[in-house]
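Input: a single structure, listed below in structure tokens.
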Amino acid sequence: MVYLDFEQPIAELNEQLEKIKEVQTKGDVDVSTTIKDIEKQIAVKIKEIYENLSAWQQVQVSRHPQRPYTLGYIDYITDDNSFIELHGDRNVGDDKAMIGGMGSINGESVMFIGQQKGINTKMRQYRNFGMPNPEGYRKALRLMKMAEKFNIPVVCLIDTPGAFPGLEAEERGQGEAIARNLIEMAQLKVPLVCIVIGEGASGGALGIGMGDKVFMMENTWYSVISPENCSTILWRSWDHKEEAAEKMKLTSQDMLELGLIDGVIKEPIGGAHADPEKAFENVKNAIINSLNELRDIEPQKRVASRIKKFSTMGHCEEA
Amino acid sequence: MGWFKRMKDNIATPTIAKKETPEGLWHQCKKCKTMMTAEEHKENLWVCPTCEHHERINSTEYFSFLFDGGKYSELSPKLISGDPLKFEDTKKYKDRLKAAKAKTGLTDAITTGYGKMEDVDVVIACMNFNFIGGSMGSVVGEKISRAIDHCIKYKKPFILISKSGGARMMEAALSLMQMAKTSAKLSLLAEAKLPFISFLTDPTTGGVTASYAMLGDINISEPNALIGFAGPRVVKETIGRDLPKGFQTAEFVLEHGFLDYIVERKDMKAKLAQSIRLFMN
């Protein structure tokens, strides 16, 4: 188990628990009541900590190394053996940071698209830390258009620290790739549900994020820039990241209050990594409910209300 | 006693009696350092006659030579930024806005207007880099959105001159969503079969590049303009080596297939007008 800095009290209690369990295995004294007591203390502590997470702590949870990633969700959500991953943008290559494919939920086909992070050092590099190149966005677009052709709804799972800021990415038009996705998603004729399952960093996230329904899981963040980079630019130092996280109103609750997302998906106590199956189940329910709601709306109406939703975002005043 | 003794005080002229060159009479080219009068520079459309460096200019200047006789009607002139997040870093966002308004005399990082260009009706939106780095916040998104509404209502083509460092951090996710908003609106303009010409000027980066600036039916730029998604410093840090010469210039972007052509400022109006005439035939 990996513990975040603010989870230290939980780590200490767990350590105590381990030690006492060792005593019990030796069988000399009965410590079962102490074990129960500590277990209860742990549960209380986790609840206490997780009910009072600061914005920065939520950012940390969203990046927890044991947090489940896109393919984990898809594997659980789709019917057994139904998911087939599809590769390539039919142009320059296959982006490992952006995955996609078709599967079924209760027998109904769904196109899944999402950024994918790696589970260990080697895989993190392989997945480019979940930072797609232009071909990733173009692969996503290809799959969306294909879904549109076959009248299959699209579900995007967002988890990225940003679009990759590399040399080749610039050469191949990172900006254009994201922009193209935005204008195409606006007019996509099939239902589009987007869920931030981890990090929602800027254009890299929005590039697959213009849904009829946009949700954020409880302990995720979504904004124009990461709190660290915001701190670096505005305060000219890394040290104000906590403050930046607070000021940017980037948590799921803030984003809901600002009217920029449609809902928050609950996470199990202790975060999605504490009980991945519970997290998967909650996301699955949100997808099923949204698709049920969106399926019977006429495509033109759905597109019009999607455009209207995004067109009214922002806050201006008249002098 | 020293060998040398100063016989006079340092500066004897009182401040009031100082003879200074009036502000704005001369202009020195930022690139080749050639001196010229501000009048000459303006007559040459703010381009250096020696090295052809295209000085960064804002909506006032672009509108003065793009619209016939410099005449246009401004759209939504009263729209201003609120401070929805009550944002404060080293300064309050409200104070930053106030300072930018005082410095530029503008209301935000974009000005939109309609008028005639070589007798053709056009709507032009032009970003103001001198207003908080031309950053895109709610006002920029809303003004573009309303300009597009005007285009659709009156069947006019839309020209958008970008000049921006990207999204405005002080409006956080609200800024981010302006990318979605403007793109959604542009999809309606496209449905109405009205041309959208995106003119990318120095610099166009970040969220602006990743939304409307790259979505023109044709994308045009000025010579040597910086155009990119990530800023050059960020790319350099990412790859850990020096950037190739000319990286992210308009010429580089043209070469990689994301621009239709590059035009010098003196030919800009004629070429824009001709492009529109061909579309609206």
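The values are calculated or read from the model by the stated rules, or taken from the named source; none is laboratory data. Bear in mind the structure is a predicted one, so any value in this text is a computation, not a measurement. Methodologically, a virtual Cβ is constructed for each residue, glycine included, from the backbone with ideal geometry; neighbour enumeration extends over all protein chains shown.
Key figures
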| item | result |
| --- | --- |
| Subset of region A:279-316 that is touching a Lys or Arg at 6+ places or on another chain (Cβ under 9 Å) and charged (D, E, K, R) - its residue that is surrounded by the most Cβ atoms within 10 Å (Cβ to Cβ) | A:Arg302 |
| Residue count, region A:274-319 (criterion: polar (S, T, N, Q) and within 14 Å of chain B (Cβ to nearest Cβ)) | 4 |
| Tally of residues being buried (at least 23 other Cβ atoms within 10 Å of the Cβ), more than 7 Å from chain B (Cβ to nearest Cβ) and in contact with a Leu (Cβ under 9 Å, 6 or more places away or on another chain) across region A:162-193 | 6 |
| Contacts under 8 angstrom Cβ, first residue in region B:24-48 being more than 25 Å from B:Phe67 (Cβ to Cβ), partner among the acidic types (Asp, Glu) and assigned to a loop (DSSP other than H, G, I, E, B), 6 or more apart | B:Cys29/B:Glu55; B:Lys30/B:Glu55 |
| Filter result for the condition that a residue is within 30 Å of A:Ala245 (Cα to Cα) and assigned to a helix (DSSP H, G or I), over B:Leu97, B:Leu85 | B:Leu97 |
| Selection count where residues are at the interface with chain B (Cβ under 7 Å from one of its Cβ atoms) and either crowded, with 24+ Cβ neighbours inside 10 Å or touching a residue at least 24 places away in the same chain (Cβ under 8 Å) (or both), scope region A:250-263 | 3 |
| A:Leu234 being touching a Phe, Trp or Tyr at 6+ places or on another chain (Cβ under 6 Å) and within 9 Å of chain B (Cβ to nearest Cβ) | no |
| Some residue of region B:102-109 being in contact (Cβ under 8 Å) with a residue 24 or more places away in the chain, surrounded by fewer than 24 Cβ atoms within 10 Å (Cβ to Cβ) and within 14 Å of another protein chain (Cβ to nearest Cβ) | yes |
| Residue satisfying condition, being β-branched (Val, Ile, Thr), at pLDDT 95 or above and more than 18 Å from the chain's Cα centre (by Cα), within set A:Ile84, A:Ile10, A:Ile38, A:Ile42 | A:Ile84 |
| Selection status of A:Glu267, more than 24 Å from A:Met210 (Cα to Cα), touching a residue at least 40 places away in the same chain (Cβ under 8 Å), surrounded by 15 or more Cβ atoms within 10 Å (Cβ to Cβ) and not small (Gly, Ala, Ser) | no |
| Criterion violated by A:Met144 - all others in (1) under 24 Å from B:Gln178 (Cβ atoms); (2) within 13 Å of chain B (Cβ to nearest Cβ); (3) not β-branched (Val, Ile, Thr) satisfied | (2) |
| Which listed residue, of A:Tyr126, A:Tyr137, is within 30 Å of A:Pro65 (Cα to Cα) and within 13 Å of chain B (Cβ to nearest Cβ) | A:Tyr137 |
| Within region B:121-155, considering residues that are assigned to a strand (DSSP E or B) and touching a residue at least 60 places away in the same chain (Cβ under 8 Å), the one nearest to the other protein chains (Cβ to nearest Cβ) | B:Met136 |
| Helices (runs of 4 or more DSSP H) lying entirely in region A:199-281 (those with 1 or more residues that are farther than 30 Å from A:Ile307 by Cα and of a type outside the set (Phe, Trp, Tyr)) | A:227-234, A:241-247 |
| Top-ranked residue in region B:39-97 [being of a type in the set (Phe, Trp, Tyr) and within 30 Å of A:Leu258 (Cβ to Cβ); ranked as surrounded by the fewest Cβ atoms within 10 Å (Cβ to Cβ)] | B:Phe87 |
| Number of the exception - A:Thr251 against (1) more than 30 Å from A:Asp79 (Cβ to Cβ); (2) touching a Leu at 6+ places or on another chain (Cβ under 8 Å) | (2) |
| Matching residues, region B:214-261, being under 30 Å from B:Ala273 (Cβ atoms) and in a helix (DSSP H, G or I) | B:Met214, B:Ala250, B:Glu251, B:Phe252, B:Val253, B:Leu254, B:Glu255 |
| When residues of region A:35-62 are limited to those that are touching a strand residue (DSSP E or B) at 6+ places or on another chain (Cβ under 7 Å) and of a type in the set (A, V, I, L, M), the one farthest from A:Glu22 (Cα to Cα) | A:Ala55 |
| Residues of region B:183-235 classified as within 14 Å of the chain's Cα centre (by Cα) and among the β-branched types (Val, Ile, Thr), total | 7 |
| Matching entry among B:Thr50, B:Thr107, B:Thr111 (being touching a strand residue (DSSP E or B) at 6+ places or on another chain (Cβ under 6 Å) and part of a loop (DSSP other than H, G, I, E, B)) | B:Thr107 |
| Scope region B:189-218; condition surrounded by fewer than 24 Cβ atoms within 10 Å (Cβ to Cβ) and either at the interface with chain A (Cβ under 7 Å from one of its Cβ atoms) or touching a residue at least 60 places away in the same chain (Cβ under 8 Å) (or both); matching residues | B:Pro195, B:Ile197, B:Asp202, B:Leu215, B:Asp217 |
| Residue within region A:225-248 that is at pLDDT 95 or above, of a type in the set (A, V, I, L, M) and touching a Lys or Arg at 6+ places or on another chain (Cβ under 8 Å) present | no |
| Selection within region A:146-192 - farther than 23 Å from A:Met131 by Cβ, in a helix (DSSP H, G or I) and out of contact with any Pro (no Cβ under 8 Å at 6 or more places or on another chain) | A:Met146, A:Glu148, A:Lys149, A:Ala186, A:Gln187 |
